[in-house]
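Nothing in this text is a laboratory measurement; each read-out follows from the coordinates by a stated rule. Computed from a predicted structure; not experimentally measured. Here the Cβ positions follow ideal geometry from the backbone for every residue, glycine too, while neighbour counts run over all protein chains shown.
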Amino acid sequence: MNSTLLYKNEAEEKLHRNSIQTLARETRMPAEVVSSLYESVFDRLKNHARIKDFLPILVSREVKDILLHKINLSLTEYRDDYL
């Protein structure tokens, strides 16, 4: 996804990049994976948001839920296969 079209200015892009880095650290996932998912969720939500100031929070929450759900599924599969 082309980030120059996704964000309205450099300040907004920096804000979202910080959110991506925080999510990558918290979930211990590669920044590239988090960035791709984050931008996809952001692109979907930004067109429907009335108050754009809350987008970093809403997008981060949804991305974190998706990633943690994926991690939990992987752990469940691992446990079922090997324990």
Exercise. Working out 0.36 nm times the residue gap between R17 and I66, then minus their Cα-Cα distance, what length gain in nm do you get to one decimal?
Worked result: 15.8 nm
Problem set entry | Around L5: net Lys/Arg minus Asp/Glu count, Cβ-Cβ under 14 Å | -3
